[in-house]
């Protein structure tokens with residue numbers, strides 16, 4: 001008799017929160033997203049943030065991963081700083097932090113999503 005294996009996995013959801021940095025409780029709230037199996041796991045992805053639950057949405061795996069485009073806004077996970085994409089070229093993402101718009105930075109496109117969380121898409 002053939003071995004049977006369960007094909008059921010833990011479902012993942014996209015959790016949305018309104019959030020403010022713990023260090024700046026009077027800051028204007030922003031929307032943060034996290035893909036996780038539980039709300040507890042999703043909250044653990046945003047240390048240093050006061051999170052207010054907004055929604056739980058199913059993850060749609062068939063959609064292509066979002067590629068950073070000019071004008072998109074991201075949040076750097078380690079520092080909590082917001083940035084704006086200036087351009088994407090030759091496998092690199094060029095951006096500036098909102099607090100320091102004159103300073104230009106770039107990172108390899110490969111792995112960009114690991115360190116940055118998409119906040120707002122500026123194009124359709």
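The values are calculated or read from the model by the stated rules, or taken from the named source; none is laboratory data. What you are looking at is a predicted structure, and each value in this text was computed from that prediction instead of being measured. With ideal geometry, Cβ positions are generated from the backbone for all residues, glycine too; neighbour counts draw on all protein chains shown.
So, in the stretch 1-28, exactly how many residues are at pLDDT 90 or above and either surrounded by 15 or more Cβ atoms within 10 Å (Cβ to Cβ) or part of a strand (DSSP E or B) (or both)?
5
If I filter the stretch 36-77 down to residues being loosely packed, with under 14 Cβ neighbours inside 10 Å and assigned to a strand (DSSP E or B), which single residue comes out as modelled with the highest pLDDT?
Looking at residues that are loosely packed, with under 14 Cβ neighbours inside 10 Å and assigned to a strand (DSSP E or B), I get 52.
Output the residues belonging to the stretch 15-25 that are farther than 18 Å from residue 73 by Cα and in contact with a strand residue (DSSP E or B) (Cβ under 8 Å, 6 or more places away or on another chain).
Residues satisfying the conditions are 15, 22, 25.
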